[in-house]
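Have a look at the structure below, then the notes.
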Amino acid sequence: MELRDYQNEAVDKTREALANNKSALVVMATGLGKTVVMIDMIHKCLAKGGRAMLVAHRDELIRQPADRVVRSLGIKPGIEKAAEKAERHHKLVIASIQTLCSQTLDIKRWTKFDPKDFNLLLIDEAHHAISPSYREFIKYMQDGNPNIKLVGVTATPDRGDRLAMGSVFDVCSYDYNIKDGIDDGWLVPIKQSFVTVGTLDYSKVKTVAGDLCGVELAMILEEEKNLHGMVHPTLELAGDRQTIIFAGTVRQAKLISEIINRHKPGASAWVSGKTPEKERRDLLAQFASGSIQYVVNVQVLVEGFDAPPVGCVSMMTATKVRAKYTQCVGRGTRPTVHLPSDSSAMTRKEMIAQSNKPDLLVLDFKGNAGRHKLITTFDVLAGDTPDDIKQSAMQAVPDATPIDPMEEAERARAAAELSEEMEEAEQKRLIEQASIKMASKYVSRPIDPFSDSGFVPVQPKTVKEMPTIKQIEFLSKQGINCQGLTRKQAGSLTYQVMLRRKRGKPSFRQEAILREHGLDTDVTARQAKTMIQELADAGWKRTT
């Protein structure tokens with residue numbers, strides 16, 4: 001089983017952490033291969049003659065790792081769940097926490113396992129490990145075997161959760177979030193569309209345990225006018241994309257599915273926690289195969305559901321909890337194309353861009369939030385941006401227009417910083433005019449912004465030397481980072497881009513991809529496009 005660089009790093013750093021600690025937490029965004037990391041740790045444990053246990057809280061989180069272990073390691077794990085029972089000869093046990101905590105005559109089922117028989121205990125979706133059931137079971141294992149190593153794996157330990165999880169895990173050994181995955185070309189980029197539904201009004205909903213009150217939220221979400229206000233735009237904007245819809249209540253999920261089927265008969269189905277497991281597996285299999293285009297769910301597909309074809313996530317509910325929202329969005333960030341582990345970030349991004357799923361569309365429905373701060377993709381992808389700047393960026397987006405949250409947040413941040421600096425600069429304008437000297441430290445020949453030769457960025461010293469917003473927007477679309485460039489240098493780059501277009505030469509991005517794969521760059525833009533398409537069709541391997 002071949003691991004990607006960051007997966008190897010996660011395993012190595014966790015093993016280092018466990019050398020001096022009893023437990024460690026691995027944070028890795030949905031779609032980046034948490035299961036692969038866990039299986040590699042299991043493999044290393046078993047290779048040394050040890051025994052391991054993986055514990056999860058959902059059927060999908062048990063079945064999927066079990067299947068992967070069979071395919072990857074060639075061993076059949078013992079399953080401890082309901083009527084299924086693991087035996088002592090099983091080197092790997094995959095167990096349901098509910099089953100382990102069940103009891104007969106006051107005897108917990110977990111007592112069938114001797115903690116001294118195990119070297120490694122893994123907890124999937126480890127943000128649940130702070131619950132009483134998990135904590136009680138972990139205490140049983142650690143009290144019975146002080147040498148057992150505990151590893152938790154999760155995608156979403158927000159700051160508050162992470163502090164609480166410190167009572168279970170000694171250290172966070174590795175952290176690789178959704179933005180990292182997108183920046184490095186392992187996950188598809190996210191496009192956000194905000195749709196205003198005038199009848200949505202959350203202003204009077206109370207906050208209970210950090211999130212919107214479920215009962216009061218249900219009354220709003222189940223209103224007929226609100227349902228239609230969210231369903232119709234979803235049908236229009238999602239197009240033919242496979243779509244997961246997150247609902248707030250079972251009744252809402254059922255009503256959403258019924259409305260969709262009125263417009264597109266047989267296109268939608270819904271699931272909840274009460275849907276029988278076999279029925280749920282069959283339904284999700286139909287969705288994954290494309291037989292059903294829309295699946296509406298209530299807290300079912302938040303964890304443990306892998307379906308790369310998902311191209312749209314429609315949030316027909318609202319939350320103040322970043323972790324919950326991030327889990328929902330993560331259901332659609334997996335690419336549909338195989339990404340070689342030895343490829344560059346630029347190549348991976350181009351492969352995704354030319355695949356049948358170049359991005360994930362996330363639909364959010366705006367109304368009157370009142371005093372509530374509702375979570376959006378801006379909080380997930382631009383979490384370090386001040387709230388006022390994020391709000392400014394969101395308000396500037398036309399209704400139902402797909403945008404890149406990271407780009408919009410960065411643009412709003414740059415505009416705010418520029419405005420502040422320009423105000424200060426105006427006050428000192430007369431003094432600065434006497435001292436400003438425009439340095440032209442650049443080479444007037446074809447510029448290659450992707451290499452170290454031919455261009456030397458010069459950090460601007462004043463506001464007037466900074467690139468304009470239009471320059472930043474234009475060059476960013478060409479894949480050129482304006483950080484460190486002066487306005488004059490940005491202008492020179494802009495001229496070079498336009499000159500290339502006029503002469504029919506490859507763009508900087510095209511030329512960089514051709515050079516990376518050892519191909520001739522002295523070609524036309526049309527030829528470059530054809531060559532890159534041939535590379536993509538050949539699995540990004542040269543055919544000659």
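Values computed for the structure shown
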read-out: Residue pairs meeting the criteria (Cβ under 7 Å; at least 6 apart or on separate chains; first of a type in the set (G, A, S), in the range 511-526; second surrounded by fewer than 16 Cβ atoms within 10 Å (Cβ to Cβ) and in a helix (DSSP H, G or I)); value: A512/M346
read-out: Matching entry among E350, E407 (being modelled with pLDDT under 80 and not in a strand (DSSP E or B)); value: E407
read-out: Conditions (1) free of Cβ contacts under 8 Å to residues at least 12 places away in the same chain; (2) among the aliphatic types (A, V, I, L, M); (3) surrounded by 17 or more Cβ atoms within 10 Å (Cβ to Cβ): number failed by L61; value: (1)
read-out: Contacts under 6 angstrom Cβ, first residue in the range 174-193 being at positive phi, partner surrounded by fewer than 21 Cβ atoms within 10 Å (Cβ to Cβ), 6 or more apart; value: G185/A345; G185/R348
read-out: Count of the range 194-221 residues which are in contact (Cβ under 8 Å) with a residue 40 or more places away in the chain and of a type in the set (A, V, I, L, M, F, W, C); value: 8
read-out: Those residues of the range 92-141 which are outside any helix (DSSP H, G or I) and among the small types (G, A, S), in sequence order; value: A95, S96, S102, S131
read-out: Of all residues making up the range 516-544, the number that are surrounded by 15 or more Cβ atoms within 10 Å (Cβ to Cβ) and in a helix (DSSP H, G or I); value: 8
read-out: Top-ranked residue of the range 462-487 - restricted to ones that are assigned to a helix (DSSP H, G or I) and in contact with a Pro (Cβ under 9 Å, 6 or more places away or on another chain), ranked as nearest to I352 (Cα to Cα); value: L475
read-out: Of the criteria (1) modelled with pLDDT of 85 or more; (2) aliphatic (A, V, I, L, M); (3) under 20 Å from C213 (Cα atoms), which one I375 fails; value: (1)
read-out: Sole exception among (1) at pLDDT 90 or above; (2) closer than 26 Å to N20 by Cβ; (3) touching a Leu at 6+ places or on another chain (Cβ under 9 Å) for K139, by number; value: (3)
read-out: Residue in the range 127-143 that is closer than 18 Å to R58 by Cα and either more than 30 Å from the chain's Cα centre (by Cα) or of a type in the set (F, W, Y) (or both) present; value: yes
read-out: Per-region count, the range 142-177, residues modelled with pLDDT of 90 or more, part of a helix (DSSP H, G or I) and either out of contact with any strand residue (DSSP E or B) (no Cβ under 9 Å at 6 or more places or on another chain) or not assigned by TED's automatic domain parsing to the domain that holds M41 (or both); value: 2
read-out: Flag if A247 is touching a helix residue (DSSP H, G or I) at 6+ places or on another chain (Cβ under 8 Å) and crowded, with 19+ Cβ neighbours inside 10 Å; value: yes
read-out: Given (1) touching a residue at least 40 places away in the same chain (Cβ under 8 Å); (2) under 17 Å from Y176 (Cα atoms), number of the condition E2 does not satisfy; value: (2)
read-out: Sole residue being loosely packed, with under 11 Cβ neighbours inside 10 Å, under 29 Å from E410 (Cα atoms) and outside the structural domain of S341 (by TED's automatic domain parsing), chosen from Q510, Q483; value: Q483
read-out: Test: residue in the range 329-343 that is farther than 30 Å from G479 by Cα, small (G, A, S) and assigned by TED's automatic domain parsing to the domain that holds V208; value: no
read-out: Single condition S72 does not satisfy, out of (1) in a helix (DSSP H, G or I); (2) among the small types (G, A, S); (3) over 17 Å from V11 (Cα atoms); value: (3)
read-out: Some residue of the range 15-33 being closer than 22 Å to R280 by Cβ and either within 23 Å of the chain's Cα centre (by Cα) or buried (at least 19 other Cβ atoms within 10 Å of the Cβ) (or both); value: yes
read-out: Single condition S257 does not satisfy, out of (1) closer than 30 Å to A17 by Cβ; (2) of a type in the set (G, A, S); (3) in contact with a Ser or Thr (Cβ under 6 Å, 6 or more places away or on another chain); value: (1)
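The values are calculated or read from the model by the stated rules, or taken from the named source; none is laboratory data. Worth saying up front: this structure is predicted, and the values here are computed from it rather than measured. Virtual Cβ from ideal backbone geometry, glycine too; neighbours counted across all protein chains shown.
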